[in-house]
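For reference, the structure discussed in these notes is given below.
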Amino acid sequence: MQLLGLYVVVFLKCFLGIFGQQVHPQHNVADLHWKPATATWYGSPDGDGSDGGACGYGSLVDVKPFRARVGAVSPVLFKNGEGCGACYKVRCLDKSICSRRAVTIIVTDECPGGYCSNGNTHFDLSGAAFGRMAISGENGQLRNRGEIPVIYRRTPCKYPGKNIAFHVNEGSTDYWLSILVEFEDGDGDVGSMHIREAGGTEWLEMNHVWGATWCIIRGPLKGPFSVKLTTLTTGRTLSAREVIPRNWAPKATYTSRLNFFH
């Protein structure tokens with residue numbers, strides 16, 4: 001029943017999204033200016049942090065290149081899920097215990113309450129990522145501080161040797177197709193997605209559902225599907241031709257031959 005309820009919620013969000021598309025301004029993803037924020041950590045002290053998370057990446061967060069680089073962010077950075085996949089450099093400020101080295105984290109989760117509420121800019125990092133901000137031998141002491149002031153800035157995501165992949169979510173059918181984007185270099189985020197059916201000339205707009213998940217209600221949909229994504233921050237576009245095959249299956253991941261950095 002819980003799984004059925006989740007499908008119903010996702011279906012409704014996909015359907016209602018048809019009437020609520022937003023237009024976003026474009027910016028440069030690389031931010032040279034540091035901004036103030038606060039940070040905490042969660043999970044085990046030397047652990048990888050999130051187990052899954054609100055972005056929907058699932059078990060990806062437990063393996064490289066995500067492993068130990070994941071972070072939950074407050075709503076101001078989560079952006080109702082459109083901030084998923086974005087990368088940030090985070091550095092703590094206390095010179096008595098903090099190194100000058102910044103850690104790079106990938107947004108995989110949301111922290112909606114506590115330190116993250118009231119419009120605050122907050123990072124809830126894995127224990128391993130939090131500890132890496134300390135000088136040698138002081139990572140345990142830094143974690144004992146709890147909430148600390150930090151500075152942060154946006155940075156391009158880099159996945160050496162990885163191409164953009166499209167995961168077909170569980171429950172997808174010929175009439176309701178739901179896709180999760182993985183390993184996107186550069187911006188990391190997604191502003192819009194379209195698919196094109198086999199033999200078609202029209203790009204069909206998908207709707208943002210939650211996290212890094214996009215969907216379309218139409219049908220019957222016929223593969224193979226080409227996928228076009230446009231980043232949220234800079235508006236760069238990439239098209240992967242027939243990346244999802246005719247005999248696609250739910251819960252399968254299909255890797256393209258493309259990424260923004262190669």
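Rolling a 1.4 Å probe over the protein heavy atoms gives segment 194-246 an accessible area of 44 Å² per residue.
Based on C-alpha pairs under 8 angstrom that are at least 6 apart in sequence, segment 116-262 has a relative contact order of 23 percent. For VAL76, the solvent-accessible surface with a 1.4 Å probe is about 70 Å², rounded to the nearest 10.
In terms of the Cα gyration tensor, with a ≥ b ≥ c the square roots of its eigenvalues, is segment 61-192 rounded because a/c is under 1.5, prolate because a/b exceeds b/c, or oblate? Here segment 61-192 falls in the prolate category. Put the Cα centre of segment 86-107 next to the Cα centre of segment 162-239 and the gap is 32 Å.
HIS33 contributes an accessible area of around 130 Å² to the protein surface, as traced by a 1.4 Å probe with all chains present. Once both labels are positioned 7 Å from their Cα atoms along Cα-to-Cβ, the gap between THR255 and ARG153 label points is 3.3 nm. Rounded to the nearest 20 debye, the dipole magnitude of segment 103-216 is 640 debye, with +1 charges on Lys and Arg beta carbons, -1 on Asp and Glu beta carbons, and the Cα centre as origin. With a simple spin-label model that places each label point 7 Å from the Cα along the Cα-to-Cβ direction, the separation between ARG236 and ASP31 comes to 1.8 nm. For segment 100-163, applying the loop criterion from DSSP together with a ceiling of 13 other beta carbons within 10 Å to the GluC sites (Glu not before Pro) yields GLU147. Among PHE261, VAL209, SER239, whose Cα sits farthest toward the positive end of the charge dipole of segment 166-262 (+1 at Cβ of Lys/Arg, -1 at Cβ of Asp/Glu, about the Cα centre)? Towards the positive end, the residue furthest out is SER239. Rolling a 1.4 Å probe over the heavy atoms of the protein chains gives segment 54-184 an accessible area of 40 Å² per residue.
In this view, the solvent-accessible surface of LEU93, computed with a 1.4 Å probe and all protein chains in place, comes to about 80 Å². Working from Cα pairs under 8 Å separated by at least six residues, relative contact order for segment 52-162 is 33 percent.
The values are calculated or read from the model by the stated rules, or taken from the named source; none is laboratory data. All values reported here derive from a predicted model rather than from experimental measurement. We place every Cβ from the backbone using ideal geometry, glycine too, and count neighbours over all the protein chains shown. These area figures cover heavy atoms from the full protein model, side chains too; ligands, DNA and RNA do not enter into them. Shrake-Rupley method; radii C 1.70, N 1.55, O 1.52, S 1.80 Å.
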